[in-house]
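Accompanying notes for the structure given below.
The numbers here are math on the coordinates, done by the rules we state, and not lab data. Computed from a predicted structure; not experimentally measured. Cβ placement follows ideal geometry from the backbone for every residue including glycine, while neighbour counts extend to all protein chains displayed.
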Amino acid sequence: MLSNILFIFFGGAIGATTRFIFFLNLPKISGFPISTLIVNVLGSLFFGFIYNLSSYKTDNWIHYLFLTGFAAAFTTFSTFAFETVQMFRNDDYVLGILNLVLNNLVCVIFILLGMKISEAI
């Protein structure tokens, strides 16, 4: 149990730091938070890939380190939700709807893509 918590702790620290690096290096484009979208898409691809690759084991340290730790801290659903609300509050309805559609649709597709990639190797 303690080792699983440590895996989550270290994976989360690395995931959050990596997300912050994306935020610093990918600014908003015309008010659209592209860094959040990219992080959510890459995180979804990574999650689908690792989940499928390691799903044959039920109590697997890979799940704790990479999925519960890294991917959960790397992806930014709360940031995505906040940015979407801010767009609507600023009357940027087109960007808000675009943000909702892209983050939800594309990330679901990339979970499936990650699973397919892991099946192919």
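Numbers at a glance
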item	result
Burial order of peptide ranges 76-82, 19-25 (average beta-carbon count within 10 Å, highest first)	76-82, 19-25
Value of Rg/Rh across the chain [Cα atoms, Kirkwood radius]	1.03
Rel. contact order, % - alpha carbon contacts under 8 angstrom, at least six apart, region 2-120	40 percent
Förster radius 35 Å - calculated FRET efficiency between S54 and V94 (Cβ-Cβ, nearest 0.05)	0.30
Candidates N99, N90, N40: whichever shows maximal mean-square fluctuation once the chain is modelled as a Gaussian network with Cα springs under 10 Å	N90
Among G15, G31, G69: highest mean-square fluctuation, GNM of the chain, C-alpha pairs under 10 Å	G31
